Protein chains: 2
Amino acid sequence: MLKLCRISKAVGKRAMSSVEIRKAREGSLGPEIVILRLSHRRERDKRITTHVALTARAFGASGIVYSGDEDKKLEEKIMDVVARWGGPFFIRYEPDWRAFIRRWKAGGGFVCHLTMYGLHIDDCMGFVPRDRPILVVVGSEKVPREVYGLADLNMAIGHQPHSEVAALAIFLDRFFGGSELRREFEGAKLKIEPRERGKKIIKLVGDI
Amino acid sequence: MLKLCRISKAVGKRAMSSVEIRKAREGSLGPEIVILRLSHRRERDKRITTHVALTARAFGASGIVYSGDEDKKLEEKIMDVVARWGGPFFIRYEPDWRAFIRRWKAGGGFVCHLTMYGLHIDDCMGFVPRDRPILVVVGSEKVPREVYGLADLNMAIGHQPHSEVAALAIFLDRFFGGSELRREFEGAKLKIEPRERGKKIIKLVGDI
């Protein structure tokens, strides 16, 4: 119950409803993980943020909160994937990321910022707790210095320039030990049947 | 020597020079891996393809070949990263991806296509040879059906929609067993000193 309260306090000014909390916890692989995507720019970042959000969902996070420009089209696109491929997964806009991070910490959550300047993932993955909700912060090109101080851990997925999408995928894959890629999604209308060649999609329920 | 000939035949109509081959092999982590990015669209994909290319470099591939629109700005951007952060790494445009894949196979190379419709990574990673050059094919939104037939292996990084950037990162991370994230890059002018907080970049040689 304590954990649920923490998640509830941490996720937004508006407390999550019990349905949202239940949805966010059902089918979870372990500790609750939420992504915070900083400084989204509606035009410039629309595809990268979409990839960050879809990677978050596919690799076992409960949801994504983003700051910068509010972007209803982005939210619709992600929720359309959730409607067809299943959940639970949420996306939510947060205008004040500083306050959001502070609330997350005040609610007992852990904050892990992915940055090429941080400690190597293999040197610090053990510092990430398994019994507290985790906020994974991924920036855009310029990350305000303040983030480095607010984070409990600044973790580098290698120290080379690459991609926040790649960094997030590696973090989640290592954190969940690969189990996230076998997860079944609830309420899915579509499912893939793996094939050596070609494509096979199974329609599970109703119209798509 | 056989392996060098294979790489040479496979990479392009124009044979690689001995300097290119040497560069592509120096500092490599294991078998040669080259990425083929299909159907690049200059405007729409410029950032995603940049992320694919930077992820390829940071995670141990020797280079990337792309088809679709030729994009000199993309090439300059990637080679600018190589100039500052080190290599070896190449980017090259290939107008005829079918012929390129056929040449790769004719030269003894293996072709692994990353697709959500394929076999789960954990069920087929063992099929990827360790003694042949590997071409990893990553598509854009629509991948021509022909690719599924040309590939030696269609591999799914999970069966959910997400991102070619994430898929490539996971493939390379699993293939190299994480060692790619400790690799030293040759000729780097910049290097990061890992820190718990903030940023530290070391200038290694000359002007940046």
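The values are calculated or read from the model by the stated rules, or taken from the named source; none is laboratory data. Since this is a predicted model, take the numbers as computed values, not measurements. FYI the Cβ positions are ideal-geometry reconstructions off the backbone, even for glycines, and counts take in every protein chain you see. Just the protein is used for accessible areas: all its heavy atoms, side chains included, with ligands, DNA and RNA removed. Shrake-Rupley method; radii C 1.70, N 1.55, O 1.52, S 1.80 Å.
A few points about this structure:
- In the context of the full set of protein chains, residues of the stretch A:47-137 present 33 Å² of accessible surface per residue (probe radius 1.4 Å, heavy atoms only).
- Rounded to two decimals, the Cα radius of gyration of the stretch B:29-147 over 2.2 N^0.38 Å is 1.04.
- For the stretch B:102-144, backbone nitrogen atoms closer than 16 Å to the point 7 Å from A:Arg195 Cα along Cα-to-C-beta are found at B:113-120, B:143-144.
- Label points for B:Met79 are taken 7 Å from Cα along Cα→Cβ. From this copy to the others they lie 4.6 nm apart, shortest first.
- For the B-to-A rotation axis, chain B residue with nearest beta carbon and its distance in angstrom: B:Val165, 2
- Each distinct pair of alpha carbons in the stretch A:93-208 adds a 1/r term; the inverse of their mean, the Kirkwood radius, is 16.6 Å.
- When only Cα pairs below 8 angstrom with a gap of at least 6 residues are kept, the stretch B:61-208 shows a relative contact order of 25 percent.
- Ascending distances from the A:Arg41 label point to its copies in the other chains, with the point 7 Å along the Cα-to-beta-carbon line: 2.1 nm.
- Buried area at the A-B interface (accessible, heavy atoms, 1.4 Å probe, summed, Å²): 5000
- Of B:Lys73/B:Lys105; A:Lys73/A:Lys199; A:Lys46/A:Lys73; B:Lys73/B:Lys199; B:Lys73/B:Lys142; A:Lys105/A:Lys142, those spanning more than 19 Å from alpha-carbon to alpha-carbon: B:Lys73/B:Lys105; A:Lys73/A:Lys199; B:Lys73/B:Lys199; B:Lys73/B:Lys142; A:Lys105/A:Lys142
- Karplus (6.51, -1.76, 1.60) ³J(HN,Hα), θ = phi - 60°, over the stretch A:72-83, in Hz, Gly and Pro reported as x: 5, 5, 4, 4, 4, 4, 5, 5, 5, 5, 4, 4
- Inter-copy separations for A:Arg130, label at 7 Å along Cα-Cβ, nm, ascending: 2.9
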